[in-house]
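Notes for the one structure printed next.
No value in this document is a laboratory result; all are computed from the given coordinates. Small disclaimer: the values here were computed from a predicted structure and weren't measured. Positions of Cβ are generated from backbone atoms using ideal geometry, with glycine treated the same way; all protein chains shown enter the neighbour counts.
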Amino acid sequence: MSTFPIELVVNGEAVRASVEPRMHLGDFLRRDLGLTGTHLSCEHGVCGACTVLIDGMPQRSCITFAAACSGTAITTVEGYGDDPVMAALRQAFHEHHALQCGYCTPGMLCTARDIVLRLPGPDARRVRHELAGNLCRCTGYVGIVEAILAVLLKKSSGELAMPVQAAAGAAEAAVATAADDGWVPIDLAEDGQWVEVRQSLALAQGADAAWKHLEDLPLVANCLPGAKITRHAGRRAEGVMDVKFGPVTASFAMRAELDLDAAARRGNMRAEGVDRRSSTRVKTLLDYDVVPVDAGHCKVALQLRFRLAGPLAQFSRAGLVNDYVAELTRRFGVNLGNAMAGVTAAAPVEAPGLFAMLMVRLRRLFGG
Ligand code: FES
Ligand code: FES
């Protein structure tokens, strides 16, 4: 059978290997690298035992192809070194009797660490909900939840040093706006790690003309495939964002705020939402800059950062989700260009499907 060459970083070490296309990451870690701390149970993406970090995000290694992980950084339960959050969790799991046979524990610790990084303080209901994707057949979960709450308590009291990466990400994302009319400002500060997508859009319009369109929040939001505005006041809006990703469908109730710097022709749209059926949350930051080219042309530089948290984030394969968002951003750019030109029919406002994602992957593989 043919093999794929891959290069990745596993627990801080550069790894080069050749893998069969159908080999999943869990088998690669266990069989090829001898990292048997990653446990495999259902091998269907259901139990969470095989959860590892891929580029800092908890993902199921049994439903992630090793070949798709080239260029990523993987962290398994063997690779946390002196990470303070993992050290606190290990101790708390010990003190609260949060394991019996220990089979679920590597995946449980990985998810627990992500929960501690994201939640501002102890919240038993939310911890239970966030743990829904990790199954334990022994403990009854009480000790596990208590252990995570104990570490969250340390975090909120300032006793626990947080990893530098999370603190820096939170500081960068912090947004302060005044609530003057009952609107609760969108707070992105608790989030540590963002996935980033950049696009550049060439427009046959001068920069001033293009900027006038970009000041229009409904116009900008409606160009996002799957988005629909239901309420709008000034630079704030509420609406829904429908997503269909293979067999997964979700409908996120969204809120968005727009900040504009007309002098610099620069906009920043912050949005957050929740899919109530799965209780998956999404937060996004969209920055756009209008850059003049000549009197009749300009470019719009788009930078989208997003973070998914909750069950859909855990069940989804990170690479495909990132491709999905990249394609969403590309279609947003096309729709925006058409809306500015007064064209509505050429680019239907719909979310990209799995087929489009596969085409993105194939184009990348074959350099098309
Ligand atoms: S082994 Fe059960 S989710 Fe991967
Ligand atoms: S401790 Fe045995 S499965 Fe969780």
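Phi angles of the range 300-305 translate, via the Karplus equation with coefficients 6.51, -1.76, 1.60 and θ = phi - 60°, into HN-Hα couplings of 10, 8, 10, 10, 10, 10 Hz per residue; Gly and Pro are given as x. For the range 100-150, the relative contact order works out to 51 percent when only alpha carbon pairs closer than 8 Å and six or more residues apart are counted. Straight-line reach from LYS299: taking Cα to Cα under 20 Å and skipping same-chain neighbours fewer than 8 places apart, the aspartates and glutamates in range are GLU196, ASP208, GLU215, ASP216, ASP259, ASP261, ASP287, ASP289, GLU327. Distances between placed amide hydrogens fall under 5 Å for CYS47 paired with CYS42, all partners being 5 or more residues away or on another chain.
Here r is the Cβ-Cβ distance between ARG31 and ALA264 and R0 is 51 Å; the resulting FRET efficiency, rounded to 0.05, is 0.45.
Residue separation of GLU95 and GLN303 scaled by 0.36 nm, minus their Cα-Cα distance, works out to 70.4 nm of gained length.
Dividing the Cα radius of gyration of the range 4-79 by 2.2 N^0.38 Å, with N the residue count, gives 0.95.
Near the amide H of VAL19, within less than 5 Å, lie the amide hydrogens of PHE4, ILE6, all on another chain or at least 5 residues away, with H placed in the peptide plane. One chain, two ends: VAL15 and GLU238. Fully extended at 0.36 nm per residue, the span grows by 75.7 nm beyond their Cα-Cα distance.
Taking Cα centre as origin and charging only the Cβ of basic (Lys, Arg, +1) and acidic (Asp, Glu, -1) residues, the dipole magnitude of the range 84-162 rounds to 120 debye. Listed by chain and number, the lysines placed with their C-alpha closer than 25 angstrom to that of LYS228 are LYS212, LYS244, LYS283; residues fewer than eight positions away on the same chain are left out. A protection proxy built from the mean count of other Cβ atoms within 10 Å ranks the segments 100-110, 121-131, most packed first, as 100-110, 121-131.
Determine the gain in length on full extension of the stretch LYS212-LEU153; use 0.36 nm per residue of separation and subtract their C-alpha separation, reporting nm with one decimal.
16.5 nm
In units of the rule-of-thumb radius 2.2 N^0.38 Å, the range 58-152 shows an alpha carbon radius of gyration of 1.09.
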